Every structure is written in structure tokens, then in C-alpha cells.
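*Asks:* Got a structure for you, questions after.
Every number here is computed from the coordinates shown, using simple stated rules; none is lab data. Everything numeric here is computed off the predicted structure, so don't read it as measured data. Positions of Cβ are generated from backbone atoms using ideal geometry, with glycine treated the same way; all protein chains shown enter the neighbour counts.
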Amino acid sequence: MNAKIIDKKEIAEGTLQVTFTTSEPFTFKPGQYTSVRIANSTKHFSIVNSPDEKGIISIATRLRDSDFKNSLQKLAIGAQIELGPISGSFILPQDISKPLVFIAGGIGITPYISMLRYVTEQKLPYKITLLYSNRDQNSSAYLQELKNIPNLKLILTMTEDQAWTGEKRKIDAGFIKEYFPALNENLYFVVGPPVMVEAVQKALLKAGVDISNINIENFTGY
């Protein structure tokens, strides 16, 4: 579908958020994604806004020295662009009986932002813990917003931040068992770069989480 850029802003060090309006109506579920086409290149991006924000699609991406990212960064407000169909099964479960554990690495936070905004706006009774791993605070997208979400249990780990006085460990089986002793009472969601997702999935399994309680989404094309 045809779309127009209406806003661009840096939301963390090295992370750009771009907002579009579209030429046709659309619907989506929190956690789903679309694609952006520039010239002959297409990349997939999770939608970060809530479905309650009608008529817009916002995405966020790490800025990298690639032709696609450079082109996206240079596009001006008002520029026309092509978005692909909305898709994806990484969405909120219908069953609200199990507490949810969202695990994000870096820009993998994006599908959770849409979910958390929607849950907050709709006052849905999910019990959610977010485990958010980054190199440092400055590059942590949406960090202040996450700190202000009511009823969200937020666990932060900054693996390379000398000024950070909180948790600094990478996520392993010991980390999981320490923070989530009732392992299989939770439903786990994991998003991030493929290497990170694979490592966290292995850590969850090693800790004793049943594979049926793990949902994963790999982010490629960083």
C-alpha cells in the first residue's frame, strides 16, 4: 500500500522511529509487522504504535551503514513510500491465565511496545514482566516510556554500561531461574537478533522451561 512519511525522530542513540499515513484502510494486531520498500530493496519491521492509533503505522530501526538504512534516514517528511501487507503471528495470547514474560534484546523491543501500549490503553488484565537487555542506557529504545507503564514489572540489564549500577549480566539459565523461580507458570516471548534469540531459547530450556511455553521471533537484516 502507498504511504507517506509524516514524522521522523531519534528515540534513542542510533535508533530512528518513522511514522507513516497510508492511502487505504488497514488493521493490525499488536506484535505484527509490515515491510518497507525503497528502490529494489524490502525490509520487514514490527509496528510499534497501538492499533488504537488509527490511520498510522510507526516503525523503529537501528541505524546501520547500509544502503537501505541510509536511504530511509535521508527520506524527508512527506516522502512517498510503499508498505507491504501486514502479517505475523507473534501476538498476545487469548488466554490471560498465565503470566507473560517478554524478553527483548536491543531493537527487539519493538513488537512489545505495540503490545504494551495496547494493553495499557485497553486496561487488559495481562500480568506482564519485561526483561530488556541492552548494551547501555543511551541506546535503549523507549526506555523512559517503559519505566512509566503502570503494572509492568521491568527488569533491565545493561551489559556494557559502566555507569549502570543495576543488573549487567547476559541472560543465561541461572539468570532465568533467579528471576522466574516458578518457571513453567509463565509464557515466555523472545525477540531480538537471531544469535540472541537462540541463546535465550537455549537458556530457557536449560533452566527447565517447557518448549511449549516459549514463543520466539527472529529479527534479521540489522
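*Asks:* Ordered by packing density, taken as the mean number of other Cβ atoms within 10 Å over each peptide's residues, highest first, how do 137-146, 21-30 rank?
*Replies:* 137-146, 21-30
*Asks:* Here's another thing I want to ask about it. ³J(HN,Hα) across region 180-191 via Karplus (A = 6.51, B = -1.76, C = 1.60, θ = phi - 60°), whole Hz, x for Gly/Pro?
*Replies:* Result, ordered by residue: 10, x, 8, 3, 8, 8, 10, 10, 9, 10, 10, 9 Hz.
*Asks:* What ratio of Cα Rg to 2.2 N^0.38 Å holds for region 89-134?
*Replies:* For region 89-134, the normalised Cα radius of gyration comes out at 1.12.
*Asks:* When the Debye formula is applied to the Cα atoms of region 92-184, each taken as the same point scatterer, what base-10 log of I(q)/I(0) results at q = 0.25, 0.26 Å⁻¹?
*Replies:* -1.42, -1.48
*Asks:* How high is the relative contact order of region 100-218? Use alpha-carbon pairs under 8 Å, at least six apart in sequence, and give a whole percent.
*Replies:* Relative contact order comes out at 27 percent.
*Asks:* Given Cβ point charges of +1 (Lys, Arg) and -1 (Asp, Glu) and nothing else, what value in debye, to the nearest 20, does the dipole of region 2-83 about its Cα centre take?
*Replies:* Dipole about the Cα centre, nearest 20: 120 debye.
*Asks:* I would also like to ask the following. Counting Lys and Arg as +1 and Asp and Glu as -1, each charge on the Cβ, what is the dipole of the chain about the Cα centre in debye, to the nearest 20?
*Replies:* Here the size comes out at about 20 debye.
*Asks:* Then there's this: Taking Cα pairs under 8 Å and at least six residues apart, what relative contact order does the chain come out at, in percent?
*Replies:* Reported relative contact order: 19 percent.
*Asks:* Any of LYS127/LYS206; LYS8/LYS54; LYS54/LYS202; LYS74/LYS123; LYS43/LYS168 with alpha carbons more than 27 Å apart? Name them for me.
*Replies:* Pairs exceeding 27 Å: LYS54/LYS202; LYS74/LYS123; LYS43/LYS168.
*Asks:* Can you tell me the FRET efficiency between LEU75 and ALA182 if r is taken as the Cβ-Cβ distance and R0 is 30 Å, rounded to the nearest 0.05?
*Replies:* The value I calculate is 0.05.
*Asks:* Which percent of Cα-Cα pairs in the chain sits in each 10 Å bin, short to long?
*Replies:* 8, 34, 36, 18, 4, 0
*Asks:* What is the calculated FRET efficiency for ALA173 to ASP52, with r their C-beta to C-beta distance and R₀ = 45 Å, to the nearest 0.05?
*Replies:* 0.75
*Asks:* Now, a different point. Dipole size in debye (nearest 20) for region 55-129 around its Cα centre, Lys and Arg Cβ +1, Asp and Glu Cβ -1?
*Replies:* Magnitude of the dipole: close to 240 debye.
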